[in-house]
Amino acid sequence: KVERLISNQKNIFKLGYGTGWQAFHFYSSFSDFCNSNKPGSHVQLCCDEFSHIENALSNYELDAILDLDNHRLKKMGFKYKKVTTLHKKIFYTQNYVDLHGPVKSLQDFNNSVFYITEANAQAIPTLMKQCRDIDFHPVFETTRSFSQLFANIEAGDGVGFFDSWGLLETSNIMCFDTEISNDVVIAWNDDSLDKYIDDLVESGCLNREEKI
């Protein structure tokens, strides 16, 4: 727990979150809460694949992580609490439309290739079940990195699932809202943070639940 002690001395709270999320969705609210509870404190962000931030939390390299609710958190012995719910969006480009035709409904993505990074491949069984529940049948293909995933989507070779904390629409990137949703939790590994996290969750500062 040396890293945790160093963080305390520097008034730094190290928060991990998953690749593909945009920090502006939660950083300001989280930072304001930290400063109101411990004036002069500073939030240091760490963005990486979910499996990597989970390992970092296990090694006390991070104070807490924002993660999708999953069985690994309990298996790794973390404490965690729900903070919000995010809906899945399908991101695609004009190149995809040119190759596969216009997108008017979710079924237009049936049998399309959905790219996901190898580090997040453990989420595929859950995603497939959620898709089957709404009579949707994507085909998943893994990439070695997020940059490779994004390059394939930009080229129009396929599409990708992103949470509503994810990418923004641009002139080239478009998105399609789905009914698929996942709970987001804050997980921690240090008993001394129990009250702090309880107060954080109770404040609702991270609750940005979105309705479709």
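The values are calculated or read from the model by the stated rules, or taken from the named source; none is laboratory data. Everything numeric in this text was worked out from a predicted model, so none of it was measured. Because the Cβ atoms are built from the backbone with ideal geometry, glycine has one as well, and the counts that use them run over all protein chains shown. Accessible surface areas use protein heavy atoms only, side chains included; no ligands, DNA or RNA. Shrake-Rupley method; radii C 1.70, N 1.55, O 1.52, S 1.80 Å.
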* Candidates K104, K74, K88, ranked by Gaussian network fluctuation over the chain, Cα under 10 Å, top entry -> K104
* Structure fact -> Rounded to whole angstrom, the alpha-carbon centroid of segment 100-149 lies from that of segment 23-97 at a distance of 22 Å
* To do: Can you tell me the 0 to 90 degree angle between the C-alpha axis of helix 194-203 and the longest principal axis of the chain, rounded to 10?
  => 50 degrees
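Counting only protein heavy atoms, what percent of the accessible surface of the chain is carbon or sulfur at a 1.4 Å probe? Don't jump to the answer; show the numbers that get you there.
Details: 5120 of 10580 Å².
Answer for the chain: carbon and sulfur cover 48 percent of the accessible area.
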* Asked: Taking the chain as a Gaussian network, where each spring joins two C-alpha atoms under 10 Å apart, which residue of D48, D191, D163 fluctuates the most?
  -> D191
* Rounded to the nearest whole Å², what accessible area per residue is found for the chain with the 1.4 Å probe? -> 50 Å²
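Quick one: work out the % antiparallel among DSSP beta bridges in the chain, nearest 5. Provide the component values of the computation, followed by the final result.
Details: 22 of 37 bridges.
Counting DSSP beta bridges with both partners in the chain, the antiparallel share is about 60 percent.
Going by accessible area, probe 1.4 Å, with all protein chains left in place, what is the ranking of R72, R144, R132, largest first? Working shown, then result.
Working: R72 50, R144 190, R132 135 Å².
Largest accessible area first, the residues go R144, R132, R72.
What dipole magnitude, in Debye to the nearest 20, does the chain give about its Cα centre under +1 on Lys/Arg Cβ and -1 on Asp/Glu Cβ?
Details: 20 positive and 30 negative charges, 90 e Å.
With Lys and Arg at +1 and Asp and Glu at -1, about 440 debye.
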* Just one of (i) -0.37, -0.55, -1.06; (ii) -0.41, -0.61, -1.18; (iii) -0.30, -0.47, -1.06 is log10 I(q)/I(0) by the Debye sum over Cα atoms at q = 0.08, 0.10, 0.16 Å⁻¹ as worked out from the coordinates here. Which one is it? -> (iii)
* Structure fact -> In segment 39-115, the chymotrypsin sites (Phe, Trp or Tyr not before Pro) that sit in a DSSP loop and have at most 13 other Cβ atoms within 10 Å of their own Cβ are none
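Would you please classify the overall shape of segment 1-126 from the alpha carbon gyration tensor, given that a ≥ b ≥ c denote the square roots of the eigenvalues, rounded means a/c under 1.5, and beyond that prolate means a/b larger than b/c while oblate covers the rest?
Numbers: a/c = 2.84, a/b = 1.98, b/c = 1.44.
The shape class here is prolate.
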